[in-house]
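Heads up: the structure comes next, in structure tokens.
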Amino acid sequence: MGAVGRWVFSLDGAALPDRARAGGKAWNIASMRHAGLPVPPAFVVTTEACRAYLAEGALPGGLADELYAGIAVLEAETGRRFGAAEKPLLLSIRSGAAVSMPGMLDTVLNLGINEEIEAALARESGDAAFARDTHRRFHDMYARIVLKAGLGRLAPEGRIEEWRAAVVEAGAVGPVPAEPNDQLLGAVRAVFDSWNGRRARRYRKHHGLPDDAGTAVTVQAMVFGNLGKRSGTGVLFTRNPLTGVPELYGEYLARAQGEDVVSGQLAPQGLDALATSLPDAHDALIDAARRLEALNRDVQDIEFSVQEGTLYLLQTRTAARAPAAAVRIAVDLVNEGTISTDEALTRVSAAQVRTLLMPRLAEGAGEAAALLAEGEGAGPGIGIGRVVLEADEAETRGEAGENVVLARPTTSPEDVHGMVAACAVVTETGGATSHAAVVSRSLGVPCVVGCGVGVGAALAGREVTVDGKAGRVFDGALPVSVPAEMDDPYLRRIAAWARAAAPLAVYRADEAAPKGALDLDRLPGGEDRQRLPWLLEGASGASGGALASDAGVAAAVAAGLDFIVVRQALPALLAACAADRALRAEVAA
């Protein structure tokens with residue numbers, strides 16, 4: 001890690017930075033470079049700079065000069081020059097909070113291009129179409145992200161004057177700068193501003209993340225997946241994020257850049273397409289994936305690009321996973337000797353197990369029902385509700401207690417508040433690594449993607465049943481069944497470890513439990529979790545609906561109860577283990 005100044009340091013891999021200062025993305029870049037993996041050079045603007053910017057309303061003093069010093073480091077390593085008309089260096093400007101917030105903050109790619117540099121790229125590559133595509137991508141992204149233009153897709157064959165006019169007509173706060181240094185400063189401000197954007201605030205609130213941490217900004221040399229037939233981009237999971245099966249899982253798009261995959265607007269191919277077209281790059285990717293999972297001791301979500309046959313890793317992070325995958329992966333990693341049983345219990349949450357124990361379609365129910373749409377199952381579970389087409393409507397009706405299914409052409413970060421409120425998500429386009437799929441899995445919301453253009457309009461207003469595992473949308477509310485928590489062998493293993501670690505005993509309502517449990521359901525105010533500390537005082541055990549939540553279980557642990565009686569034991573056991581860890585950490589602090 002090379003210091004450039006107060007606000008900026010290089011991610012040279014010599015040492016690992018402090019994650020709270022550098023953010024998760026930069027920390028992982030430094031880690032990959034430290035391991036000798038093929039990563040484009042980068043530097044990071046710290047979360048401290050973000051906090052100073054948000055407090056002062058302007059970039060902190062000295063930051064601009066440090067940015068230019070950081071670029072000089074990239075120039076020395078790449079042999080290219082930022083803003084030059086020969087061998088130009090283009091940049092990727094990415095957010096990076098200390099705790100991953102997938103898709104919630106802003107990114108600007110291909111930064112540093114203008115008409116003169118487009119011509120330089122065309123001369124160097126011998127591919128004028130590539131240079132024009134790269135310029136169009138930057139112009140489009142900068143206008144939308146930095147200038148807040150409500151812009152449709154710019155015509156790839158359009159002239160720069162037409163692009164500029166389209167940006168103005170779309171209500172941009174100003175023109176796209178031609179000067180690369182101005183582009184850089186504007187993009188850094190936009191990433192900092194995105195920390196307080198609506199979607200980011202709502203994501204943090206949903207996940208209980210702090211609002212005062214700020215985001216870092218990672219500045220990285222661009223590599224070009226859109227450069228010719230031997231280039232492309234993709235996403236790889238080191239294990240299946242839906243099921244947890246220990247097999248590589250991912251998608252690849254030839255002649256594309258990263259946003260093409262995650263946007264869901266294009267249909268990607270499987271990794272076998274990369275293996276067929278560029279076997280050396282595929283082999284290098286597989287080797288890197290295995291090394292990264294071993295290095296991080298967890299399943300990785302890896303973004304990569306191939307430029308003219310050479311593999312580059314853009315980022316890696318701990319993969320979001322569906323609840324069933326979380327359980328299986330935790331058990332498998334213990335069996336493989338990678339993690340301990342105590343660590344496995346930190347990787348499976350009570351909320352995930354509750355999702356697994358949610359109702360599923362009754363046997364044969366789907367066979368007799370009218371199938372309205374079919375796509376790729378991207379977030380398992382059953383969601384039953386009435387279809388709405390806008391995220392704001394989903395939020396409003398969901399908060400009013402109505403079960404709604406959000407159907408969109410494809411989701412973007414602007415739809416997250418509606419996804420949080422919905423009982424299921426359906427999209428017309430996109431694959432298993434699209435925004436809709438990744439965010440739905442992290443939220444535990446059933447999701448079906450790639451159902452075909454026009455599906456949303458056809459479903460609007462109808463009550464439907466969404467089967468996120470099978471990838472099907474049925475007419476009406478279908479009958480469901482409720483699984484038993486001990487039917488699954490992986491859940492049984494987790495339950496055994498949790499019983500041994502939990503600070504109190506947990507009994508199911510249908511089990512024989514000790515006598516004398518305080519019945520909260522019969523006490524005035526017993527449903528109010530805020531009153532539990534007083535109600536539980538002096539009790540040895542308790543039962544009641546308030547104990548079905550993590551907060552209720554935490555109150556029981558804090559009160560020193562010997563046992564609780566609940567409808568589902570395993571979620572309560574995991575919540576008790578989590579509450580015990582939190583109490584011990586508080587005491588240690």
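If you go through the stretch 165-177, how many residues are buried (at least 17 other Cβ atoms within 10 Å of the Cβ) and either modelled with pLDDT of 95 or more or assigned to a helix (DSSP H, G or I) (or both)? Total satisfying the criteria: 2.
Using the structure shown, decide if residue 353 is part of a strand (DSSP E or B), more than 23 Å from residue 35 (Cβ to Cβ), touching a helix residue (DSSP H, G or I) at 6+ places or on another chain (Cβ under 9 Å) and of a type in the set (Val, Ile, Thr).
So residue 353 fails the test.
Note on the stretch 500-529: residues that are in a helix (DSSP H, G or I), modelled with pLDDT under 90 and over 14 Å from residue 559 (Cβ atoms) amount to 2.
When 88, 38 are checked against the criterion of being closer than 18 Å to residue 220 by Cα, of a type outside the set (Gly, Ala, Ser) and free of Cβ contacts under 8 Å to residues at least 60 places away in the same chain, a single residue qualifies: 88.
Those residues that are under 18 Å from residue 416 (Cβ atoms) and surrounded by fewer than 24 Cβ atoms within 10 Å (Cβ to Cβ), I need them from the stretch 446-465; list them, please. Step through it out loud before you land on a result.
Our first condition is that a residue be under 18 Å from residue 416 (Cβ atoms); within the stretch 446-465, this holds for 446-449, 456.
Across the stretch 446-465, the qualifying residue is only 456.
Per this entry, residue 147 is counted among residues that are in a loop (DSSP other than H, G, I, E, B) and either farther than 17 Å from residue 259 by Cβ or modelled with pLDDT of 85 or more (or both).
None of 298, 280 is within 30 Å of residue 40 (Cβ to Cβ) and crowded, with 19+ Cβ neighbours inside 10 Å except 298. A count restricted to the stretch 514-538 and to residues that are surrounded by fewer than 18 Cβ atoms within 10 Å (Cβ to Cβ) and touching a strand residue (DSSP E or B) at 6+ places or on another chain (Cβ under 8 Å) stands at 4. What are the residues in the stretch 383-412 that are within 20 Å of residue 476 (Cβ to Cβ), out of contact with any Pro (no Cβ under 6 Å at 6 or more places or on another chain) and surrounded by 24 or more Cβ atoms within 10 Å (Cβ to Cβ), if any? Matches in the stretch 383-412: 387, 388, 394, 405, 406, 407.
For the stretch 178-201, the set of residues classified as surrounded by 18 or more Cβ atoms within 10 Å (Cβ to Cβ) and among the basic types (Lys, Arg) consists of 199 only.
Looking at 542, 495 in this structure, which one is in contact with a Phe, Trp or Tyr (Cβ under 9 Å, 6 or more places away or on another chain), crowded, with 18+ Cβ neighbours inside 10 Å and either in contact (Cβ under 8 Å) with a residue 12 or more places away in the chain or over 13 Å from residue 575 (Cβ atoms) (or both)? Can you show your working first?
On the way: 495 fails: in contact with a Phe, Trp or Tyr (Cβ under 9 Å, 6 or more places away or on another chain).
Exactly one residue qualifies, and that residue is 542.
Scanning the stretch 335-372 for residues that are β-branched (Val, Ile, Thr) and within 20 Å of residue 424 (Cα to Cα) yields 353, 355. The single residue among 473, 506 that is within 30 Å of residue 362 (Cα to Cα) and within 32 Å of the chain's Cα centre (by Cα) turns out to be 473.
The set of residues in the stretch 332-355 that are in contact (Cβ under 8 Å) with a residue 60 or more places away in the chain and either assigned by TED's automatic domain parsing to the domain that holds residue 243 or polar (S, T, N, Q) (or both) comprises 341, 346, 349, 352, 355. Of all residue pairs spaced 6 or more apart or on separate chains, those with beta-carbon atoms under 8 Å, a first member in the stretch 448-466 that is farther than 15 Å from residue 389 by Cα and a second member that is among the aliphatic types (A, V, I, L, M) and part of a loop (DSSP other than H, G, I, E, B) are 450/267; 465/369; 465/477; 465/478.
Consider residue 575 carefully, then state whether it is surrounded by fewer than 16 Cβ atoms within 10 Å (Cβ to Cβ), of a type in the set (A, V, I, L, M, F, W, C) and within 24 Å of residue 354 (Cβ to Cβ).
Details: surrounded by fewer than 16 Cβ atoms within 10 Å (Cβ to Cβ): no; of a type in the set (A, V, I, L, M, F, W, C): yes; within 24 Å of residue 354 (Cβ to Cβ): yes.
Spelling it out, it is not the case that residue 575 is surrounded by fewer than 16 Cβ atoms within 10 Å (Cβ to Cβ), of a type in the set (A, V, I, L, M, F, W, C) and within 24 Å of residue 354 (Cβ to Cβ).
Tell me, please, whether a residue that is touching a residue at least 40 places away in the same chain (Cβ under 8 Å), surrounded by fewer than 21 Cβ atoms within 10 Å (Cβ to Cβ), among the β-branched types (Val, Ile, Thr) and not assigned by TED's automatic domain parsing to the domain that holds residue 10 can be found in the stretch 223-234. Within the stretch 223-234 (the criterion being touching a residue at least 40 places away in the same chain (Cβ under 8 Å), surrounded by fewer than 21 Cβ atoms within 10 Å (Cβ to Cβ), among the β-branched types (Val, Ile, Thr) and not assigned by TED's automatic domain parsing to the domain that holds residue 10), the answer is no, since none of the residues qualifies.
Applying a threshold of 8 Å to beta carbon distances and a minimum spacing of six or more residues, or different chains, the list of pairs starting in the stretch 123-142 at a residue that is under 18 Å from residue 180 (Cβ atoms) and ending at one that is basic (Lys, Arg) and at pLDDT 90 or above reads 124/87. Those helices (runs of 4 or more DSSP H) of the stretch 178-283 in which at least 3 residues are at pLDDT below 95 and closer than 30 Å to residue 164 by Cβ, considering only elements entirely within it, cover 180-194, 198-207, 258-262. The selection criterion, being of a type outside the set (Asp, Glu), over 34 Å from the mean Cα position of the chain (by Cα) and surrounded by fewer than 22 Cβ atoms within 10 Å (Cβ to Cβ), does not hold for residue 76.
Do the conditions hold for residue 64, that is, is it touching a residue at least 60 places away in the same chain (Cβ under 8 Å) and of a type in the set (Gly, Ala, Ser)? Lay out the reasoning, then the answer.
Working: touching a residue at least 60 places away in the same chain (Cβ under 8 Å): yes; of a type in the set (Gly, Ala, Ser): yes.
It is true that residue 64 is touching a residue at least 60 places away in the same chain (Cβ under 8 Å) and of a type in the set (Gly, Ala, Ser).
The values are calculated or read from the model by the stated rules, or taken from the named source; none is laboratory data. None of these values were measured; they are calculated from a predicted model. Cβ atoms come from the backbone with ideal geometry, glycine included; neighbour counts cover every protein chain shown.
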